[in-house]
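Contents: one structure, followed by commentary.
The values are calculated or read from the model by the stated rules, or taken from the named source; none is laboratory data. Only a predicted model underlies this, so the values are computations on that prediction, with no experimental measurement involved. So basically every Cβ, Gly included, is an ideal-geometry build from the backbone, and we count neighbours across all protein chains shown. Side chains included, ligands, DNA and RNA excluded: accessible areas come from the protein's heavy atoms. Shrake-Rupley method; radii C 1.70, N 1.55, O 1.52, S 1.80 Å.
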Amino acid sequence: MRIAKSVQALTPYVPGEQPKSRNVVKLNTNENPYPPSPKVAQVLAGYDLDRLRRYPDPVFMELRRLIAGIWGTVPERIFVGNGSDEVLTVAARAFVDDDEAIGSCDPSYSLYKTLAAIRNVPFVPSPLGPGFSWRAPVVRGAARDVALFLLTNPNAPTSIRYGRDVVADFAKGFPGVVIVDEAYADFADADCTSLATAPDNRNVVVMRTLSKSFSLAGLRLGYCIGPEDLIEAMYKVKDSYNVDAVAQDVACAALSDLDWMRANVAKVVKTRAETAAELRRRGWDVPESQSNFLFAKPAHRPAAEIFEALRARGIFVRYFPGPETGDRLRITIGTDTDMKTLLTALEELDK
């Protein structure tokens, strides 16, 4: 059996560990610690199984109308995917030719580099400035122009948000497509969605997910907003029925209960502030987070050592080896009880 050379050489994306036991404190994959809207439960409890005999709406019109209404735009500007990761995959098909490249900030979401490898085009990283601050991105690689720039904002794993004007200025001078990945934007104090809905927008696509703020990581539903010609191109290259009927109906239920989502977000933001303050009191370096996690540098012991010690205690956080990230831990914000357990364990490890 022949395997493509690009696939043979590919280093796959490695998601955060999913421990089988539920008797752990799971702070490693940026999941929401609170349940989704009761409207989601109502849809699932009363689901008409006869609907599963038939294919789902391949262009998700009910869901697109709902999303368009939330953002004050039209359904023609909305694309929906099987999780935001699929939205990224479709974008790589639609906006990048074989003689072009994909770029992103560095450090950022590690899937981006894998997507370039899957697409068999170069990946061009743009190093961030001191303290993970914004620095003008690189838009040309060794031999190829960057056609698609993937910008997580707030950034992962750093948790830092870049201003709307900064993003707008970059996009204005960038000849390709900029996807602003706003997976964590509901936890931030501002976002860039208005860039995507602006009438004169030609190249900005803003992406959202229901995995984080809507507590639906297990559902796999993401969407993006952008210019009609770019969205039309994405529909040309997507899989035939890429979002199943159950996901479409559950997403409609969740998106019709924004108050529930915002209440959960407020709890996470409050706990985030309290946890960050306590870690700083203990000497940790913790950037001002605009996400549902902290990217924290321990005060007294190496991050890798603390990561392993916490794991042995059934407390899972995320560790990214490397020169830019290897001195920090990414800590998802859980419930107040989860964070108290974490802080107690860290205190014991410091003794």
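If you scan segment 159-215, which residues turn out to be over 19 Å from VAL80 (Cβ atoms), among the hydroxyl-bearing types (Ser, Thr, Tyr) and assigned to a helix (DSSP H, G or I)? Scanning segment 159-215 gives a single hit, SER194. Per the conditions (1) touching a Lys or Arg at 6+ places or on another chain (Cβ under 7 Å); (2) closer than 19 Å to ALA91 by Cβ; (3) not β-branched (Val, Ile, Thr), the sole criterion not satisfied by ALA190 is (2).
Report, by residue number, each residue of segment 75-88 that is open to solvent by less than 10 Å² (accessible area, probe 1.4 Å), under 12 Å from GLY226 (Cβ atoms) and part of a helix (DSSP H, G or I). The one that is open to solvent by less than 10 Å² (accessible area, probe 1.4 Å), under 12 Å from GLY226 (Cβ atoms) and part of a helix (DSSP H, G or I): VAL87. Within segment 129-146, the residues that satisfy the criterion of being open to solvent by 10 Å² or more (accessible area, probe 1.4 Å), among the hydrophobic types (A, V, I, L, M, F, W, C) and without any contact (Cβ under 8 Å) to a residue 60 or more places away in the chain are TRP134, ALA136, VAL138, VAL139, ALA142, ALA143. For the criterion of being under 30 Å from ALA156 (Cβ atoms), at pLDDT 95 or above and touching a Gly at 6+ places or on another chain (Cβ under 8 Å), PRO33 passes. Could you go through segment 60-71 and let me know if any residue there is among the small types (Gly, Ala, Ser) and closer than 23 Å to TYR162 by Cβ. No, the conditions are met nowhere in segment 60-71.
Taken over segment 170-196, the criterion of being surrounded by fewer than 24 Cβ atoms within 10 Å (Cβ to Cβ), within 23 Å of ALA101 (Cβ to Cβ) and of a type in the set (D, E, K, R) is satisfied by LYS172 alone. Only residues that are without any contact (Cβ under 8 Å) to a residue 40 or more places away in the chain and farther than 30 Å from TYR34 by Cβ were counted in segment 194-233, giving 8. Number of residues in segment 31-53 that are assigned to a loop (DSSP other than H, G, I, E, B) and either touching a residue at least 12 places away in the same chain (Cβ under 8 Å) or open to solvent by less than 50 Å² (accessible area, probe 1.4 Å) (or both): the value is 8. If you take the residues in segment 54-65 that are outside any helix (DSSP H, G or I) and among the hydrophobic types (A, V, I, L, M, F, W, C), which one is farthest from ALA254 (Cα to Cα)? Applying the filter and picking the extreme gives VAL59.
Here is a yes/no grid of residues against (1) open to solvent by less than 20 Å² (accessible area, probe 1.4 Å); (2) assigned to a helix (DSSP H, G or I):
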{"position": "ILE67", "(1), (2)": "yes, yes"}
{"position": "THR73", "(1), (2)": "no, no"}
{"position": "VAL90", "(1), (2)": "yes, yes"}
{"position": "ALA94", "(1), (2)": "no, yes"}
{"position": "ASP99", "(1), (2)": "no, no"}
{"position": "SER104", "(1), (2)": "yes, no"}
{"position": "TYR109", "(1), (2)": "no, no"}
{"position": "ALA116", "(1), (2)": "yes, yes"}
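Set side by side, the residues LEU88, LEU27 differ, and just one is closer than 30 Å to ARG313 by Cβ and of a type in the set (A, V, I, L, M, F, W, C), which is LEU27.
Before we move on, is ASN28 modelled with pLDDT of 90 or more and either open to solvent by less than 60 Å² (accessible area, probe 1.4 Å) or among the polar types (S, T, N, Q) (or both)? Spelling it out, ASN28 is indeed modelled with pLDDT of 90 or more and either open to solvent by less than 60 Å² (accessible area, probe 1.4 Å) or among the polar types (S, T, N, Q) (or both). Going through segment 7-25 one residue at a time, which ones are of a type in the set (A, V, I, L, M, F, W, C), in a loop (DSSP other than H, G, I, E, B) and open to solvent by 60 Å² or more (accessible area, probe 1.4 Å)? Once the filter is applied, which keeps residues that are of a type in the set (A, V, I, L, M, F, W, C), in a loop (DSSP other than H, G, I, E, B) and open to solvent by 60 Å² or more (accessible area, probe 1.4 Å), segment 7-25 yields ALA9, VAL14. Per the listing GLY322, GLY334, the residue uniquely over 20 Å from ASN30 (Cα atoms) and in a loop (DSSP other than H, G, I, E, B) is GLY322.
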